[in-house]
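Notes follow once the structure below has been shown.
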Amino acid sequence: MMISLSLGSGINADDKFQNDYSKKLVAYYDTFGKDSSALNVPDGNMHLYGGFFEIITGFANKALGFEETDLAYHNLRHVSSALLGWTAILCTALLVRLIAGWQAGIMALIILLLSPRFIGDSLMNPKDIPFAAGYMMALYNMAAVLNRMPTPRRWNLAGLVAGLAIALAVRAGGLLPFAYLVMFGGLHFLLKHGGFAAFSNGKLLSRYLLVVLGAGAAGYLLAVLFWPYALQSPLNNPFVALSKFADLEVRIRVLYEGENIMSDKTPWHYPVKWILYTIPLATVAGLVGYLVYLPKLLKQYNPLWVLMLLFAGIFPVAYIIYKHSVIHDGWRHLTFAYPPLAAAAALFWNELARQFSGKKALQYAVWAGMSVLVLDSAAYIAANPKFPYTYFNPMTGGIKGAYGKFETDYWGISTRQGIEWMEKQGILKAEMEEPVVIATNMYYSVRQLTAKYGDNVKVKYLKWERRCDDAWDYGLYPTRFLDGSTLQRGKWPPDNAVHTVTAGGVPLLAVLKDNGRNCSLGTASLKVGDWETAISMLQKEVQAVPDNELAWGNLAQAYYNANRLEEAKNAAEKALDISPDDMQANNLLGMYWMQKEDIGRAKMQFEGALKREPSNAAAYYYLALIARAQGDDQTALNNLLKAIQVAPNFKAAYELSAQIYEASGNTEAAQQFRAAMNQIR
């Protein structure tokens, strides 16, 4: 089932970096290290990740003759991801079976199989799913090996080594199960063999050390073989990579609880709420029950493994909160922590059913209760097999309740469905009289999916807020990076949408059609200072597409430049009605009040604009102008410094800083700012 679903998945936006790394890795091993491009990948620093998944799929694609522009190339990767997702599910179920028997194991399998987020990621996530597979393979085999000490099965020893190796050969965080092995190996030795008195049994101690350290060393060595960067310094570079991730984390704009904020500014509960709102209710209820039943579970089963599930699921989440780590895209970075949580939930449901083993009716009621609580998530997978990872549980009112408050298709995989619709409509076909120009902020996936049309399809990368910067025929835009309030108030998709891809009744992606190219022509005229042409073109655009906030914002700018202040104010307010976070419109309103000499309202406007978008350099600059006019040079300089920090090439901020320092007699500082400004091209 998972393989079948994976063949219908779109292309993950991160695959741009993954596939580039895959090609570099194949070249590295093909040339026995002569091609060293995999050792330092500046764009994304992929060399700090292990290459297990990329090497396996890269060589498989090469052997089969698939190119990156072939859908088969991506299908092979998706099938491989699905197989690893299945491996994670299988190992989780086997671990629960080891703890509490087959019934409990099957319950864990069902919960995971009907967890849309985990299944959805399994279809196309080449980082987090392979890591989860290695993590769970290591945990299951760790328990199986230690349970049979001092004579573990060879199969489980091999599985332990493989799990450790896969986890570390995907990302540096794979060092975590190595630490688990030492910790739980030591605890098992003490708890099973009489505490510290066991140290007197040298033969037993040496056996534990041989198994734990031997499996750890073998797993480490195997992982390093799949990681060129680590091969350069096996005992140092994996730890260097682990330490560097804190500095290299990508900071992007995310939608959380209805607000668009930067990922490094998210509150501590960001991962907790994301997990709580997007896992099946059976898991939520099961986790609560697990905590309530914990004393009973510790007595009924091996307490070490009961606690290992809790630790393996909770510790990574708690550690990220403690470290204030930057995470985004929901909780995908914590995907590996979910299977242990699902396993813990399964233990509760099994124990509840076991309590009524003598009363079949009550036992059936327990199974029915668990079934009811996975019904919603099962139905979502069935209804949205292309992108089940967009699921939200009934605690948020489903995806409809979460829409505009949380990200949905943050990877933009729905672009595939948008392109397939264009193909069905005959917009894209083998022979086209004129080339079709497609604008999108998901360039990589759209480019790969339309590569078969050659030069007949031209793809342009345009951010949503820059989509009027160039001319195009059709636009493919998911909801990613859109203003949350715009989505909540039903201001999207815009009026020029000719098709939407939906899930659970809400739009994930809009296919837009441009008629007349008025917005791009008006924007181009605005840039060259032709205000009247800009006004004419942009007026046509807002008549045709009344909810185009960019056209309204640019029209406001053109009116302002043409000294038509009241019309500028009205146009800016219309832009903000559609998109309250629009920087240009917010700044224009502030400038309007400055022109009206209402400094109080101007200041409030710019301060409000900064609350909505802290990277608004122009707002800092105008606040500096206001402060200087009021004789507060220090506040002016503070705001200018902030403007320069968020926009290092903002020449006007350097010049104004220099003027303030000159006026105060600090010519040295003024010269430094002008020297810095003159170096900007």
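The values are calculated or read from the model by the stated rules, or taken from the named source; none is laboratory data. Just so we're clear, the structure is a prediction, and the values are computed from it rather than from any experiment. Every residue, glycine among them, receives a Cβ derived from its backbone with ideal geometry; neighbour counts consider all protein chains shown. What goes into the accessible areas is simple: the full protein's heavy atoms, side chains included, and nothing from ligands, DNA or RNA. Shrake-Rupley method; radii C 1.70, N 1.55, O 1.52, S 1.80 Å.
log₁₀ I(q)/I(0) of the stretch 474-569 at q = 0.21 Å⁻¹, via Debye over equal Cα point scatterers, no solvent, to two decimals?
Normalising to I(0) and taking log10 leaves -1.00.
Among (i) 52; (ii) 44; (iii) 58, which is the computed percent of Cα pairs over 35 Å apart?
Correct label is (i).
What does the charge count near residue 28 come to, summing +1 for each Lys or Arg and -1 for each Asp or Glu among other residues with Cβ under 12 Å from its Cβ?
Values: positive: 23, 24, 34; negative: 30, 35, 54.
With Lys, Arg at +1 and Asp, Glu at -1, the net is 0.
If you wrap a convex hull around the alpha carbons of the stretch 547-643, what volume per residue comes out, as a whole number of Å³?
Per-residue hull volume (Cα only) is 80 Å³.
Round to the nearest 10 and give me the degree value, 0 to 90, for the angle of helix 415-424's Cα axis relative to the longest principal axis of the chain.
With both axes taken from Cα atoms, the answer is about 70 degrees.
Grab every C-alpha pair in the stretch 196-339, bin the distances at 10 angstrom width from 0 up to the longest one, and report whole percents.
That works out to 9, 24, 28, 26, 11, 2, 0, in percent per bin.
Normalised by the empirical 2.2 N^0.38 Å for globular proteins, what value does the Cα Rg of the stretch 446-490 take? Don't skip to the answer; put the middle values down first.
Values: Rg = 13.2 Å, N = 45, 2.2 N^0.38 = 9.3 Å.
It is 1.42.
Efficiency by 1/(1 + (r/R0)^6): what FRET value for residue 645 and residue 315, r their Cβ-Cβ distance, R0 = 35 Å, to the nearest 0.05?
Step by step, r from the Cβ atoms, then E = 0.45.
Viscosity 0.692 mPa s, temperature 37 °C: give me the Stokes-Einstein translational D for the stretch 3-109 in µm²/s, with Rh taken as the Kirkwood radius over C-alpha pairs.
On the way: Rh = 15.6 Å.
Calculated translational D: 211 µm²/s.
Which GluC sites (Glu not before Pro) does the stretch 578-681 hold that lie in a coil by DSSP with at most 10 other beta carbons within 10 Å?
Of the GluC sites (Glu not before Pro), the ones in loops of the stretch 578-681 whose Cβ has at most 10 other Cβ atoms within 10 Å are 597.
Show me the ranking of peptides 73-83, 125-135 by mean Cβ neighbours inside 10 Å, starting with the highest. Numbers along the way, then the final one.
Working: 73-83: 22.6, 125-135: 28.2.
Ranked from most to least packed, the peptides come out as 125-135, 73-83.
If I model a spin label at residue 372 and residue 30 as a point 7 Å from the Cα along the Cα→Cβ vector, what separation in nanometres do I get?
With each label point 7 Å from Cα toward Cβ, the separation is 5.8 nm.
Points 7 angstrom from Cα along the Cβ direction at residue 67 and residue 599: gap in nanometres?
6.4 nm
What is the extension gain from residue 432 to residue 324, computed as 0.36 nm multiplied by their sequence separation minus the C-alpha to C-alpha distance, in nm to one decimal?
Working: separation 108, 0.36 × 108 = 38.88 nm, distance 5.20 nm.
Going from the current span to full extension adds 33.7 nm.
Over the stretch 74-208, what lengths in whole Å, largest first, do the semi-axes of the equivalent ellipsoid take, defined as the square roots of 5 times the eigenvalues of the alpha-carbon gyration tensor?
Values: eigenvalues 192, 56, 24 Å².
The equivalent ellipsoid of the stretch 74-208 has semi-axes of 31, 17, 11 Å.
May I ask for the net charge around residue 19, where only other residues with Cβ less than 14 Å from the Cβ of residue 19 are counted and Lys, Arg are +1 while Asp, Glu are -1? Provide the component values of the computation, followed by the final result.
Working: positive: 16, 23, 24, 62, 77, 127, 447; negative: 14, 15, 20, 43, 54, 67, 68, 70.
Surrounding charge for residue 19 is -1.
Relative contact order (percent) for the chain, with alpha-carbon contacts under 8 angstrom and 6 or more residues of separation?
About 11 percent, as a whole number.
Loop-only check: which GluC sites (Glu not before Pro) in the stretch 358-463 are DSSP coil with at most 10 other Cβ within 10 angstrom? Show your work: numbers first, answer last.
On the way: sites: 407, 420, 423, 431, 433; in loops: 407, 431, 433.
Loop-located and lightly packed - 431, 433.
Ranked highest first by average number of other Cβ atoms within 10 Å, how do 163-175, 315-327 line up?
On the way: 163-175: 26.5, 315-327: 15.4.
Going from most to least packed, we get 163-175, 315-327.
Ignoring ligands, DNA and RNA, what accessible area per residue does the chain give at 1.4 Å, in Å²? Please report the intermediate quantities before stating the final value.
Working: 28600 Å² over 681 residues.
On a per-residue basis, 42 Å².
Ranked highest first by average number of other Cβ atoms within 10 Å, how do 533-540, 370-377 line up?
On the way: 533-540: 20.8, 370-377: 18.5.
My ranking of the peptides, most packed first, is 533-540, 370-377.
Select from the stretch 334-401 those chymotrypsin sites (Phe, Trp or Tyr not before Pro) which occupy a DSSP coil region and have at most 10 other Cβ atoms within 10 Å, ordered by residue number.
Numbers: sites: 336, 348, 349, 356, 364, 367, 380, 389, 391, 392; in loops: 356, 391, 392.
Qualifying residues, ordered by number: none.
Could you compute the FRET efficiency for residue 655 and residue 210, with r as their C-beta to C-beta distance and R0 at 51 Å, rounded to 0.05? The partial results should precede the final answer.
Numbers: r = 70 Å, r/R0 = 1.38.
Calculated transfer efficiency: 0.15.
Taking 7 Å along the Cα-to-C-beta vector as the label spot, tell me the residue 264-residue 562 distance in nanometres, rounded to one decimal.
So the label points at residue 264 and residue 562 sit 4.2 nm apart.
Need the full-extension length gain, residue 357 to residue 196, defined as separation in residues times 0.36 nm minus the C-alpha distance. One decimal, nm. Intermediate values should be presented prior to the final figure.
On the way: separation 161, 0.36 × 161 = 57.96 nm, distance 3.93 nm.
Working it through step by step, the gained length comes to 54.0 nm.
Quick one, can you get me the convex hull of the C-alpha atoms of the stretch 324-464 expressed as volume per residue in Å³? Don't skip to the end; give the middle numbers.
Numbers: hull volume 24.6 nm³, N = 141.
Per-residue hull volume (Cα only) is 174 Å³.
Can you figure out the FRET efficiency of residue 471 with residue 155, using R₀ = 60 Å and their beta-carbon distance, to the nearest 0.05? Write out the running numbers ahead of the final one.
On the way: r = 62 Å, r/R0 = 1.03.
The formula returns an efficiency of 0.45 here.
With each run of n ≥ 4 DSSP H residues scored as -39500 (n - 2.57), what mean residue ellipticity at 222 nm is computed for the chain after dividing by its residue count and rounding to the nearest 500 deg cm²/dmol? Intermediate results must be reported in sequence, preceding the final value.
Numbers: 31 runs with 427 residues, N = 681.
When only DSSP H runs of four or more count, the value is -20000 deg cm²/dmol.
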